[in-house]
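For reference, the structure is listed below as structure tokens.
Nothing in this text is a laboratory measurement; each read-out follows from the coordinates by a stated rule. On a predicted model such as this, the values are computed, not experimentally measured, just so you know. So basically every Cβ, Gly included, is an ideal-geometry build from the backbone, and we count neighbours across all protein chains shown.
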Amino acid sequence: MKRFRWQNIYLALVFLVLYIPIFYLIFYSFSQGHNMNHFSGFTWAHYQELFQDQRMIEIVLDTLLVALLSSLLATIIGLLGALVIHRVKKPMWKNTLLSLNNILMVSPDVIIGASFLIFFTFLGFKLGFGSVLLSHIAFSIPIVVLMVLPKLNEMNTSLVDAARDLGATQPQVFSRVVLPYIAPGIFAGFFMAFTYSLDDFAVTFFVTGNGFETLAVEIYARARQGISLEINALSALMFLFSLVLVAGYYVLNQYNSSKKGRKRRMEANHNR
Amino acid sequence: MKRAHGFYSVPYVLWLALFVIAPLVLIVYQSFFNISGQFTFDNYKLYLSSGTYLRMTLNSVWYALLITALTLLISYPTAYWLSQTKHKQLWLLLIILPTWINLLLKAYAFIGIFSQGGSVNRFLQFFGFGAHQLLFTNTSFILVAAYIEIPFMILPIFNAIDELKPSLLNASKDLGATNWQTFSKVVFPLTLDGVKAGVQAVFIPSLSLFMLTRLIGGNKVITLGTAIEEHFLVTQNWGMGSTIGVVLIIAMIAIMFLTGERKKRGR
């Protein structure tokens, strides 16, 4: 009992540390002052300022668009990649593919950014929305593969064999047996890809050129000039947005697992 | 059958060729050119002969080690105890949630928290320690980097612990192992892959966090990443930047080799 309480205190501390900076930002977004040192009266002024900042709104929308598009495309290509790697049976080839896949996972952001910059310049590709989107897709693919592959590996091959024996075609086996089984991995991969894209600064910073900006690049530029509480207001809104997303993800997960639970219970009853 | 295999592998293989192999080849290629576009080995000669570059590299590795160690120290117990809670998936989501807040916003928050009149300093003053210069120090760089990396360490470790079969733990306890023995002989070895994945996910980015060295470290800590960014985007010396990049890639390969999955023996 005592050990149990120590654990909870530790966990509470970790959560506190993780969330204090975020709430600190949000708290001062309501302050009338101009810095994050003293709270001087409640105001919505920074939010009004934010909503009138046409440039900032555009940047936010661009950032979300890049995140959504890149994570969707990365999920599709990553899923295909996981299937390819899963299919390869020779250990040597499998390991080679996995190592290649992991290169961008372990590559430092600056290496990805710098090498992509050389790559785009070499091809004469114009820096901007296209180069940022392609880069985000590229660095999100390996995480999707890594989220889907374990699900494929743990899937019992007799499931697939059974489906084939019962006359299912290749597409049917995939959509009715394989896909539902690995769906949690795909969702996890998608959300990780989305996270990567939203969180990325360094790669974007290298390949963005002059015309296109994401939120991170803009915040970097502003933070170097000092504190402006408009950014605090922005972070409060982004936090709310994340909460909504996470709540949605959680509900979806619960729904999936309860469905599975119900099925398992039914099977148990059946066996009895 | 064979044809279907070939068809769906096209996008992935294309990605491997264009965005994994080509950029790597190009950065190595670029490292042999000087600022006026002539082929040369000078970049490597300069790197290896100048104490500044070598010291910077060692410094960067040292800071990355400190950040990784601190992150691991905080993350393992968190992941372990988190996996024992009710609603653990919800708690895990709450750990991941801060990673959805942009890294730059978090760095920006610390500019406020660590500033001269910020809350940490007011806290110190309250207990009679007086105000300190916190922002733009090496310590603040390590703390903020660790703060940002913690979720990326917790996630793989949590997954590894979560995949443990409870029957293994029960077996260990049935056979008379104490809690500590169960942890050190069963849980930790079986979750080592998660730890390695976490170390990979934290150590390598820590070598390249140039925005933190600029915003939080006040340019006192120069990491490999800072040097590359400087060469590419400020001085426009892509050749030297690529050379440092190649060094960073070698460091990355070393880390992958050290933490990669070893071939499982036996059976």
Among A:Ala223, A:His136, A:Thr169, the residue whose Cα sits farthest towards the positive end of the charge dipole of chain A, when +1 is placed on the Cβ of each Lys and Arg and -1 on the Cβ of each Asp and Glu, is A:Thr169
Relative exposure of A:Phe23, B:Phe129, judged by other C-beta atoms within 10 Å (fewest first)
B:Phe129, A:Phe23
In degrees between 0 and 90, to the nearest 10, how far off the longest principal axis of chain A does helix A:229-271 point, with axes built from Cα atoms?
20
What is the packing order of peptides B:232-239, B:243-250, taking the mean over residues of other C-beta atoms within 10 Å and listing the highest first?
B:243-250, B:232-239
Normalise the Cα radius of gyration of chain A by 2.2 N^0.38 Å (N = residues in it) and let me know the number.
1.26
Can you report the principal axis dimensions of the range B:146-240 using only the alpha carbons, biggest first, rounded to whole angstrom?
65, 25, 16
Dipole of the protein assembly as shown, Cα-centred, from +1 at each Lys and Arg C-beta and -1 at each Asp and Glu C-beta, to the nearest 20 debye?
2340
Output wanted: per-residue J couplings in Hz (rounded whole) for the range B:232-238, from phi through Karplus 6.51 cos²θ - 1.76 cosθ + 1.60, θ = phi - 60°, x for Gly and Pro.
7, 9, 9, 7, 6, 8, 4
Do the alpha carbons of any pairs in A:Lys90/B:Lys165; B:Lys88/B:Lys173; B:Lys165/B:Lys196; B:Lys106/B:Lys220; B:Lys88/B:Lys165; B:Lys88/B:Lys196 sit beyond 25 Å of each other, and which pairs?
A:Lys90/B:Lys165
Based on other C-beta atoms within 10 Å, arrange A:His46, B:His87 from fewest to most.
B:His87, A:His46
Relative to the longest principal axis of the C-alpha atoms of chain A, give the angle of the C-alpha long axis of helix A:179-199, reported between 0 and 90° and rounded to the nearest 10°.
20
Shielding score for B:71-83, defined as the mean number of other chain Cβ atoms within 10 Å
2
Taking the Cα centroid of the range A:86-106 and of the range B:154-205, what is the distance between the two, rounded to the nearest whole Å?
25
Hey, can you rank A:7-17, A:77-87 by average C-beta count inside 10 Å, highest first?
A:77-87, A:7-17
Most exposed first by the Cβ proxy, i.e. fewest other Cβ within 10 Å, how do B:Phe33, A:Phe174, A:Phe206 rank?
A:Phe174, B:Phe33, A:Phe206
Protection proxy ranking of A:182-193, A:52-63 - average other beta-carbon atoms within 10 Å, highest first:
A:182-193, A:52-63
Enumerate the amide H contacts of B:Phe33 below 5 Å, restricted to partners 5 or more residues apart or on another chain; note that Pro and chain-start residues carry no placed amide H.
B:Thr40
Helical mean residue ellipticity (222 nm; -39500 (n - 2.57) per DSSP H run of 4+; nearest 500) of the protein assembly as shown
-24000 deg cm²/dmol
Just checking the output field for B:86-93: average partner chain Cβ neighbours within 10 Å of each residue's Cβ?
3
Quote the FRET efficiency, to the nearest 0.05, computed for B:Leu124 versus B:Lys165 with a Förster distance R0 of 60 Å and r equal to the Cβ-Cβ distance.
0.80
Using a Gaussian network model of chain A whose springs link C-alpha atoms within less than 10 Å, name the residue from A:Ser71, A:Ser115, A:Ser158 with the highest mean-square fluctuation.
A:Ser158
Please average, across the residues of A:233-243, the number of beta carbons from any other chain that are within 10 Å of each residue's own beta carbon, and give a whole number.
3
Dipole of the protein assembly as shown, positive end: most advanced residue of B:Leu26, B:Ile204, A:Leu152 [Cβ charges, Cα centre]
A:Leu152
Work out the charge dipole of the protein assembly as shown with +1 on the Cβ of Lys and Arg and -1 on the Cβ of Asp and Glu about the Cα centre, then indicate which of A:Tyr10, A:His38, A:Pro21 is farthest towards its positive end.
A:Tyr10
